[in-house]
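Everything on this sheet refers to the single structure shown next.
The values are calculated or read from the model by the stated rules, or taken from the named source; none is laboratory data. Keep in mind that this is a model prediction, so the values were computed, not measured. Counting neighbours? That spans all protein chains shown, and the Cβs are built from the backbone with ideal geometry, glycine included.
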Amino acid sequence: MYKTEIRGKLISGDKSLGQISQDILRPIDAKTPRWWYAAMTMSLALFGWGLYCKYITVSQGIGTWGVNNTVAWGWEIVNFVWWIGIGHAGTAFSIFLLILRQKWRTAINRAAEAMTVVAVLCASLFPLLHMGRPWLFFFIFPYPNTRGPLWVNFNSPLFWDFVAISAYMLISASFWYFGMVPDFATIRDTTKSKIKKAIYGFFAFGWVGSSKEWLRYEGLSFVLGGIAAVLVVSVHSIVSTDFAVSVEPGWHTTIFPPYFVVGAIFSGFAMVLTLVTLMRKLYKMEDFITDSHVDAVCRILVFISLIMGTAYITEIFMAWYSGSEYEMYTFFKNRITGEYALQFWGMFTFNAIIPQLFWFKKVRSKLWVVFIISLLINWGMWFERFNIVVTSLSRDYLPANWAEYHPTWVEIGFFTGTIGMFAAGVLLFFRYIPMIAISEIKSVSKYDKPMPEPKIEHHD
Amino acid sequence: MTKKYLVGVFDDEHTLVEAFEKVLDKGVKVEEVYTPYPIHEVLHRMKKKTRITHAAFFYGLFAAIGLLGFMYYAAVIDWPLNFGGKPFNTFPSFIVVSIVATILSITLLTLFTFSARAKVFPGKKADIIDIRATDDKFIIVLDKDELGTETNTVTELFKTNGASEVYEKESK
């Protein structure tokens, strides 16, 4: 049972169910605000620049990137892992908080899931173009082909990764979509515009809210929730095996799967926080994303931040404890004091130290501070991936092979292009899709009202 | 063929559940209940069961067997490749793909099952009894022909239990 006195109201403003629908759907019915056009133009400009860089990559080849024989994985893998990590929050949010019966998730899960879908799309571009000949990407499907048939290597983490990412994309998209069906029906039934009625009516798939539908809908959520929880853990574990099964110093560690999963949830929650603070300010959703919602996400972040700090220190400890001079070199020389020390200390400060500020209620309650810290965490998580990928590769066993890595403008443009794509996707989401799950919010609204007394029949 | 329905409109969950249970206790069959969000008391007492979770289990079982079988066929029978002297049947590492692809199969097949059984699919025209049921009203629909002479008592029961409206409607 949700205790309103202790945890704060889930929805403030004492709203009726009708008001809840109206308030959440207002941005869809209202005129598009000016800032939206400005932001969209900027995002599309970045996206277009990214497209140009992708064109250069495809037409001229991977040689336009800064990667070399030693550091064969550069920004592309860094960004890939970064986006996938961000993409973890949607499912983590919906599923883990569903399992833990956290009712406050209802205000945030829609945005988190939307973010997941866009982030995973951004992520998938990187390995796709890193293939060099992306038009032959279907070679990675295990299908009966005319080349033997030569099957793929089922032992390769790169193949596992392909399966995991495509499964994750399909599953999170369908999970997100089916959550929206009842809300599309609400738009269909409340809007005055005939065009909207037709369009949202189509996407509502004929939903009417009958008990037959709800019964199966609940069954479906139960099934998807249960199995997607496994997926959240498995996808990033698989991403980590891309590194962990190699023999590179700094990669070949057993801590990697849990370390990556926790890191992914950390960066994802930080991005969720970035988005909901924006959503709350820009669309005035204070009644749904209350202070206690922001507070709850901050508290989760401070907890995960402690795990991250522990993981970083464990890695360093294990390097020393293993007695392997290569491991020692990688951590103590290359990462902590080497030429990429900035990235290491950036990672450590932004992920393990700065989020500790969330212990203070004063920090948690200042929205702009929370917003800035959430951005810093995202940045820190990017540093983490850079730190893992580049430092290990640039200096491994054979000093003759040592090399430096610097991204070229094409790689940087590719990355900023995905940021533009992400921003554009999020803006479209804000504009055309109910950004808060209406039916779920309605189902928890009763916890804010006093329950009717249970009827006890008196016999005198 | 159109049918006549008796429609009771309620403003909140509690009054709906109360009236719903009283109607059921009278032995009247409730045709359907429309609500903005799932209400477990209603789902429980509508006496309908969903086997979607069982279906999902079997999808998963068959998908897992199929996937492992396929990988065994591809890696051991059809085109064995020697990776540094490792065994062809590297079962433990087949598990990874099996788990993820099984989850994918369960999700997609369960979605299709849901779509087929709940009749929620692209292009379906909504049969709306009361348009406010997806917004803020809770609706009980009874078949008027089956009610027969009970119509008046049920109408009365709805009204005394907090229905904001009771009306009759013809629909398919």
Taking segment B:48-70 and keeping residues touching a Phe, Trp or Tyr at 6+ places or on another chain (Cβ under 7 Å), touching a residue at least 12 places away in the same chain (Cβ under 8 Å) and facing another protein chain (nearest Cβ under 9 Å) leaves B:Ile52
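Show me the helices (runs of 4 or more DSSP H) found entirely inside segment A:325-423 where at least 3 residues are surrounded by 17 or more Cβ atoms within 10 Å (Cβ to Cβ) and of a type in the set (A, V, I, L, M). Before the answer, list the steps.
Details: elements: A:325-328, A:341-347, A:361-365, A:367-386.
It comes to A:367-386.
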Considering segment A:203-239, residues that are aliphatic (A, V, I, L, M) and more than 26 Å from A:Ala167 (Cβ to Cβ), and then whichever is farthest from the other protein chains (Cβ to nearest Cβ), we arrive at A:Ala204
Here the qualifying pairs (Cβ atoms under 6 Å; residues six or more apart or on different chains; first in segment B:116-131 and at the interface with chain A (Cβ under 7 Å from one of its Cβ atoms) and assigned to a loop (DSSP other than H, G, I, E, B); second basic (Lys, Arg) and buried (at least 17 other Cβ atoms within 10 Å of the Cβ)) come out as B:Ala118/A:Arg216
In segment A:90-110, anything under 12 Å from the mean Cα position of the chain (by Cα) and among the aliphatic types (A, V, I, L, M) is listed as A:Ala92
Residue hits (segment B:12-32; under 19 Å from A:Ser445 (Cβ atoms) and not in a loop (DSSP other than H, G, I, E, B)) are B:Glu13, B:His14, B:Thr15, B:Leu16, B:Val17, B:Glu18
Quick count over segment A:248-274, residues being in contact (Cβ under 8 Å) with a residue 12 or more places away in the chain and not in a helix (DSSP H, G or I), is 6
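Within 21 Å of A:Phe159 (Cα to Cα), hydroxyl-bearing (Ser, Thr, Tyr) and within 11 Å of chain A (Cβ to nearest Cβ): which single residue out of B:Tyr37, B:Tyr73 fits that description? It would help to see each step written out before you state the result.
On the way: B:Tyr37 fails: within 21 Å of A:Phe159 (Cα to Cα).
Answer to the selection: B:Tyr73.
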When A:Val67 is run through (1) over 22 Å from A:Phe422 (Cβ atoms); (2) surrounded by fewer than 17 Cβ atoms within 10 Å (Cβ to Cβ); (3) out of contact with any helix residue (DSSP H, G or I) (no Cβ under 6 Å at 6 or more places or on another chain), the failure sits at (2)
Please determine whether any residue of segment A:429-438 is closer than 30 Å to A:His293 by Cβ, in a helix (DSSP H, G or I) and modelled with pLDDT under 85. yes
Exactly one of A:Ile238, A:Ile187, A:Ile171, A:Ile195 is in a helix (DSSP H, G or I), within 26 Å of A:Thr391 (Cα to Cα) and not small (Gly, Ala, Ser), and that one is A:Ile238
* Asked: without any contact (Cβ under 8 Å) to a residue 40 or more places away in the chain, at positive phi and facing another protein chain (nearest Cβ under 7 Å) - does that describe any residue in segment A:183-202?
  -> no
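Quick check on my filter: what residues within segment B:88-107 are within 24 Å of the chain's Cα centre (by Cα) and facing another protein chain (nearest Cβ under 7 Å)?
Taking segment B:88-107 first, the residues within 24 Å of the chain's Cα centre (by Cα) are B:102-107.
If the condition is that a residue be within 24 Å of the chain's Cα centre (by Cα) and facing another protein chain (nearest Cβ under 7 Å), then B:Ile103, B:Leu104, B:Ile106, B:Thr107 are the ones that fit.
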If I filter segment B:76-87 for residues that are more than 7 Å from chain A (Cβ to nearest Cβ), in a helix (DSSP H, G or I) and either within 24 Å of A:Gly225 (Cβ to Cβ) or touching a His at 6+ places or on another chain (Cβ under 7 Å) (or both), do I get at least one hit? no
Exactly one of A:Leu224, A:Leu215 is buried (at least 24 other Cβ atoms within 10 Å of the Cβ), assigned to a helix (DSSP H, G or I) and either in contact with a helix residue (DSSP H, G or I) (Cβ under 6 Å, 6 or more places away or on another chain) or basic (Lys, Arg) (or both), and that residue is A:Leu224
Exception for A:Ser59 within (1) at pLDDT 85 or above; (2) closer than 20 Å to A:Ala437 by Cα; (3) small (Gly, Ala, Ser) falls at (2)
Over segment B:133-142, the set of residues at the interface with chain A (Cβ under 7 Å from one of its Cβ atoms) and of a type outside the set (Val, Ile, Thr) is B:Ala133, B:Asp135, B:Asp136
In the set A:Ile11, A:Ile24, the lone residue that is part of a loop (DSSP other than H, G, I, E, B) and under 27 Å from the mean Cα position of the chain (by Cα) is A:Ile11
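So, in segment A:288-303, exactly how many residues are outside any loop (DSSP other than H, G, I, E, B) and out of contact with any Pro (no Cβ under 8 Å at 6 or more places or on another chain)? I'd like the intermediate steps shown before the answer.
Of segment A:288-303, the ones outside any loop (DSSP other than H, G, I, E, B) are A:291-303.
From what's left, out of contact with any Pro (no Cβ under 8 Å at 6 or more places or on another chain): A:291-300, A:303.
Final tally of qualifying residues: 11.
Just checking, does segment A:94-102 include any residue being among the basic types (Lys, Arg), within 28 Å of A:Ser174 (Cβ to Cβ) and touching a Phe, Trp or Tyr at 6+ places or on another chain (Cβ under 6 Å)? So that I can check it myself, show each step before the final result.
Quick first cut of segment A:94-102, residues among the basic types (Lys, Arg) only: A:101.
Narrowing further to those that are within 28 Å of A:Ser174 (Cβ to Cβ): A:101.
Of the ones still in play, those that are also touching a Phe, Trp or Tyr at 6+ places or on another chain (Cβ under 6 Å) are none.
No, segment A:94-102 has no match at all.
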> For segment A:137-146, does any single residue satisfy the condition of being in a helix (DSSP H, G or I) and in contact with a Gly (Cβ under 6 Å, 6 or more places away or on another chain)?
Replying inline: no
